[in-house]
Structure formats: structure tokens, C-alpha cells
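The values are calculated or read from the model by the stated rules, or taken from the named source; none is laboratory data. The shown structure was predicted, so the numbers you read here are calculated from the model rather than taken from an experiment. Cβ coordinates were reconstructed from backbone atoms using ideal geometry, including for glycine residues, and neighbour counts include every protein chain displayed.
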Amino acid sequence: MTKGISRIAAAALLTLTVASCGVSMNRAPSAGGGNFGGLPTAGAQGSEAGFQSWVQAFRPRALAAGISPQVFDSAMADAHFMPNLIALDRKQSEFSKPVWEYLDGAIGSRAATGRSKAAQYASTMSAIESRYGVPREVVLAVWGMESNFGGGRGSTPIVPALATLAYDGRRGEFFAGELVAALRIIQSGDVDSAHMVGSWAGAMGHTQFMPSSFLAHAVDYNGDGRRDIWSDDPTDALASTASYLHQNGWQPGQPWGAEVILPQGFDYNQVSKSVVKSGAQWAAMGVRTANGTAVPSGAIIAPAGARGPAFLITENFRAILKYNASDSYALAVSYLGDAIAGLPGIQGSWPRGDRPLSNSEKSEVQRLLMAKGFDTGGVDGKLGAKTVEAVKAFQRSRGMTPDGYADSNLLSLLRS
């Protein structure tokens, strides 16, 4: 889905790769996969003839998965090889946005549009909120992030796109599974293949569901007999998004979290998603919220290290991460939702003078950490949880504040 990957939707695979990127149910993974069931793959080039051979070889697999011959043959009748999608899938941006730039671009003018949409769909959003327990502002924020409130739903035909990406083989197993899911959606009568359109990597509709996530979470909220996330009416898509968050652990009546101010000399070993404490415990350690409200229970993150703002995140923030497993994305949804509700934004200052590390520099950070005995779990240019813990361990070994933040200063120290 959503997530994502962001289209913002699956184009987040390219343009919105951010500081704490990961894989979500709503998004195509950035690596892995392989040949689906031993089928032939495109190899280095790929061709229309090779693609059509792949389609015929895949047919019995789809039928064995419960797709009728009529649905398969009809959906694949006009499918052609789309080499431009393979080029997009293999393209990797060398630079990714730091979290503050991502938030600037993500919230911006969307807040005003979100407030307008809140008024336009007030009764619908009130009913959805009542049924699923997810605040309307959060659902609207996901809509804004995923398709700019319906303005960027995508026009790529999903079935040939997924077939092309499955034939390519680099992530063939994943996309082949999504292709079967897309065929199941068509077979169920929710949409026909001509109207099943979306982003180039398979994310669909107002809130950019991948087909497998659609099957698991989409709802027919308006009762017309179809789970329709593609048409101009966003009702089913918005309800499906609320359903997704609800089923992934959203706690009604609880906040997503809060910006917090950490006391002087705070132990940054406590800043981790894995360190969960009650609000009373955090308060006893001197943690307070920036807006003066009660400190919620949860974990503390500091996406830009000790020189940037810190946030106490609850289970609701983690539910947003199930939509798109990026801290930057979840913060954007949280603060766009707050802005739609008329609440203030982030009060702390970001280290805006920092130069973001390129992907190759991030890989170098990982290689150097590994060489010094700090396990990053591999070298992939992505500063995930294991790399952050390795950075913290290195910082502790040097008597530094263990905030896990990798910047150009850390790279220079590693190089020395």
C-alpha cells in the first residue's frame, strides 16, 4: 500500500527515501524477491516476446492460486512489457532528504487543503472516526501524504505493471504475489482491469494500497457492493485507511505522541524504540512535553540526534509506521494531522546546517563501523535500527553522546 511507496506512493521508492526508511505492508520493498516459482525472468534486457512467454508460464500458477481462466485471460489480454518501469525500479537516488526537509515539503500547503477537505467531508469523516476510532485528521493526513488528497492517484495500469516487474525478476516473487492479489480484486468485482490504475509499483487509489493490503483491509463503506478506492469519491479509501490503522493497533483516545524536552545530561541510551516506559517514569526522569500536556507512555526517538527535537511516540505512531515504515513519514502524518486540527507544529530546532550523507557515504559509515567491530547487519546504505545501534556503540566507545545520529562529522571521525 499507502503504505506506501509515496506519489508520494510507490514513488517513495525513489524520491522520498528518508532518514529512517523501511518496508511496510503498504509499500513495495526496496530489495529482495527473486524468481517466482522458477519462472523465466527478463535478465539484463527483457523483451516483449520474453514477457509474453512469462505470462503464459505464469498462467497455471495464477489458476492454481484460485484465479479463473476467464479473469486471467481477460486481464492479461492487452498486457505488454513496460521497460520504463524496470528502469524506475532499478533507479536509486544518491541523496535522500533529511527529516526536516521532508517535513517541510510534506506539510506545507497540505495543511490548508486538509482543513478544507475536513470541512467538505465532515459528516463522512465523523462517521468513519466513530466506527474505527481513528481521528479524522490522521486519516486525512494519510490521504494528503499518499495522493495529495486525490490529486495524484496515478494512471499506470496495475496488472501489466505488476506483471512487468514480476517478469523482471529483481523483486519478482514480491510482485508476482501482488499480481495474484490484483487479479483476485478483479475477480471479486471491486474493479475491472481497465480501471485498476495507480502508481508504477502497484500502489492504488486515494491512499495508495498495494493489492495485498487492499485484500486484507479495504472496506465497502458506502455499501454499493464494491470496495472502490479508485473513483473520485474517496469515501471507501478513507474508511479503508481507518480500517488499516485500526487493525494495526491504533488505540482510540490516545495521541500519536508528543514533542518532548529532555533534561540536561539525559541518558541517550534511553532514546530508542525498544525502550518503552510509562509517562510517569519518563516524567520522573525529567522528561516534559513541549506543549505542557501530560507525558504519554511510550518510547523516545530523536531523528536528528541530540541537536534536534525529540519525540515520545505511542502505539499509535507505531500503527502509522505499519502504513509506511519510515519515522519521517510517520512524523509527517502526525504533524500534518495536528496542523489540520489547528494544533502547533514542532517547536524545537533542527540542525539545518548539516549536509545530508549520500547513500554511498551511508554505506561507507556501515563499512567503517563493521571494520571497527560494530555490527550494522550488513552494508546497504540504509541507516536502519541495527546501524543506529552500531553508531551508538561507537559513540559510547569514544565518550560521545550516544544519540545514534550519523552525519558528516561522524563519518570524518570514522575515517580518522
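Here is how the numbers come out for the structure above:
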| read-out | value |
| --- | --- |
| Hey, Leu162 over 17 Å from the mean Cα position of the chain (by Cα) and either assigned by TED's automatic domain parsing to the domain that holds Lys322 or surrounded by fewer than 20 Cβ atoms within 10 Å (Cβ to Cβ) (or both) or not | no |
| Qualifying residues in the range 93-133 (those that are assigned to a loop (DSSP other than H, G, I, E, B) and not polar (S, T, N, Q)) - the one nearest to Gly337 (Cα to Cα) | Gly108 |
| Test: residue in the range 199-212 that is at pLDDT 95 or above and assigned to a helix (DSSP H, G or I) | yes |
| Members of the range 63-89 found to be at pLDDT 95 or above and not in a loop (DSSP other than H, G, I, E, B), listed by number | Leu63, Ala64, Pro69, Gln70, Val71, Phe72, Asp73, Ser74, Ala75, Met76 |
| The range 274-290, subset at pLDDT 95 or above and not hydrophobic (A, V, I, L, M, F, W, C), residue farthest from Glu315 (Cα to Cα) | Gly286 |
| Residue check for Val295: in a loop (DSSP other than H, G, I, E, B) and hydrophobic (A, V, I, L, M, F, W, C) | yes |
| Extreme residue, surrounded by the most Cβ atoms within 10 Å (Cβ to Cβ), among residues of the range 213-258 that are part of a loop (DSSP other than H, G, I, E, B) and hydrophobic (A, V, I, L, M, F, W, C) | Ile229 |
| Residue match in the range 215-234 (condition: within 30 Å of Leu179 (Cα to Cα) and of a type in the set (Lys, Arg)) | yes |
| Within the range 163-193, considering residues that are part of a loop (DSSP other than H, G, I, E, B) and at pLDDT 95 or above, the one nearest to Ser53 (Cα to Cα) | Ser193 |
| Helices (runs of 4 or more DSSP H) wholly inside the range 319-414 containing at least 3 residues that are over 30 Å from Gly114 (Cα atoms) and out of contact with any Asp or Glu (no Cβ under 9 Å at 6 or more places or on another chain) | 359-371, 385-397 |
| The one condition in (1) surrounded by fewer than 21 Cβ atoms within 10 Å (Cβ to Cβ); (2) touching a Ser or Thr at 6+ places or on another chain (Cβ under 8 Å) that Gly353 fails to fulfil | (2) |
| Restricting the range 259-273 to residues that are in a loop (DSSP other than H, G, I, E, B) and more than 20 Å from the chain's Cα centre (by Cα), the residue that is surrounded by the fewest Cβ atoms within 10 Å (Cβ to Cβ) | Gln264 |
